[in-house]
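Following: one structure in structure tokens, then a few remarks.
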Amino acid sequence: MISLDTNVVVRIVTRDDPEQSEAAWKLVQQAERVWLAKTVVLETEWVLRYCYDLRREAILRTLRKLLAYPPVRVEDRGAIQQALEWYATGLDFADALHLASGSATDRFATFDRKLAKIARRVEKPPQIELL
């Protein structure tokens, strides 16, 4: 199994550099399994949004397709899938991943009023403690 850095994932999904994209794709095709840390998924969303100016719908399609690729194994898949569901409803992806990753906790404490307000609208949100 090989673990991928964000820049390798971004080359695969954007194909913005033909040489690097080909090398990245070739590596993934030859690997029996590919490992993605959830921080790589988080950073990939950020790069696609800020550096490539992609809209939420395009990012969702891209990340879902990436995670559905059979050789891909991902850290904390359940939290990432929950975060993607919440992201689809308007929650910031990083905030959604923070919330989903804390599923074993009783509450999520934040000073972020916007996060608290949006989190109340999603299905099965954790209890938010607004400080």
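What does the helix-only formula give at 222 nm for the chain: each DSSP H stretch with n ≥ 4 adding -39500 (n - 2.57), the total divided by the residues, and the result rounded to the nearest 500 deg cm²/dmol? Walk me through the numbers on the way to the answer.
On the way: 7 runs with 76 residues, N = 131.
It comes out at -17500 deg cm²/dmol, rounded to the nearest 500.
Hey, which aspartates and glutamates would be in cross-link range of residue 38, C-alpha to C-alpha under 14 Å, not counting anything within fewer than 8 residues on its own chain?
List returned: 5, 75, 76, 95.
Apply the Debye scattering formula to segment 1-125, with a single equal point scatterer on each alpha-carbon and no solvent, then give log10 I(q)/I(0) at q = 0.10, 0.11, 0.14, 0.22 Å⁻¹.
Values returned for q = 0.10, 0.11, 0.14, 0.22 Å⁻¹ are -0.33, -0.40, -0.62, -1.30.
Which residue fluctuates most in the GNM of the chain (Cα springs below 10 Å): 77, 56, 113?
Looking only at 77, 56, 113, the largest GNM fluctuation is found for 113.
With contacts defined as alpha carbon pairs under 8 Å and 6 or more residues apart, what's the relative contact order of the chain in percent? Write down the numbers at each step before the final one.
On the way: 144 pairs, mean separation 24.3, N = 131.
Relative contact order, the chain: 19 percent.
Give, in whole angstrom and from largest to smallest, the semi-axes √(5λ) of the equivalent ellipsoid of segment 1-75, with λ running over the eigenvalues of the Cα gyration tensor.
On the way: eigenvalues 70, 42, 21 Å².
Semi-axes from the Cα gyration tensor: 19, 15, 10 Å.
Do you know the relative contact order of segment 88-131, to the nearest whole percent, from alpha carbon pairs under 8 angstrom that are 6+ apart? Please list the in-between numbers first.
Values: 39 pairs, mean separation 19.1, N = 44.
Relative CO of segment 88-131 lands at 43 percent.
Applying the Karplus parametrisation 6.51 cos²θ - 1.76 cosθ + 1.60 with θ = phi - 60° to the phi angles of segment 22-35, what ³J(HN,Hα) value in whole Hz is obtained for each residue in order, glycine and proline being reported as x?
Once rounded to whole Hz, the list reads 5, 4, 5, 5, 4, 4, 5, 5, 7, 7, 5, 9, 10, 10.
Would you calculate the separation in nanometres between label points at residue 120 and residue 65, each defined as 7 Å from the Cα along the Cα-to-beta-carbon direction?
Modelled inter-label distance: 3.7 nm.
Hey, for a label at residue 73 modelled as a point 7 Å past Cα toward Cβ, could you say which residues of segment 1-44 have their backbone N under 13 Å away?
1-4, 32-37
Give me the percent relative contact order of segment 1-75, please, defined on Cα pairs under 8 angstrom at least 6 residues apart. Show your work: numbers first, answer last.
Working: 72 pairs, mean separation 27.2, N = 75.
So the answer I get is 36 percent.
Can you list the lysines whose alpha carbon sits under 19 Å from that of residue 26, skipping same-chain ones fewer than 8 residues off?
Hits, sequence-local ones excluded: 65.
Using the crude model of +1 on Lys and Arg Cβ and -1 on Asp and Glu Cβ, and no other charge, please compute the dipole size for the chain relative to its Cα centre, in debye to 20.
Working: 20 positive and 19 negative charges, 96 e Å.
Roughly 460 debye for the chain.
Work out, step by step, the length gained on full extension between residue 58 and residue 16: first 0.36 nm times the residue separation, then minus their alpha carbon distance; give nm to one decimal.
Values: separation 42, 0.36 × 42 = 15.12 nm, distance 1.58 nm.
Fully extending the segment from residue 58 to residue 16 adds 13.5 nm.
With springs connecting C-alpha atoms under 10 Å apart, model the chain as a Gaussian network and identify which of 105, 44, 89 has the largest mean-square fluctuation.
Evaluated over the chain, the most mobile residue of the options is 105.
Using only Cα atoms, tell me the angle between helix 56-68 and the longest principal axis of the chain; keep it within 0 to 90° and round to the nearest 10.
60 degrees
What Kirkwood radius, in Å to one decimal, follows from the Cα pairs of segment 88-131? All intermediate terms of the calculation are to be shown ahead of the outcome.
Working: mean 1/r = 0.0964 Å⁻¹.
Radius from the Kirkwood sum: 10.4 Å.
Where a number appears in this text, it was derived from the coordinates with a stated rule and is not lab data. Not measured: the values here are computed from a predicted model. Quick reminder, even Gly has a Cβ in these numbers, built from the backbone with ideal geometry, and neighbours come from all protein chains shown.
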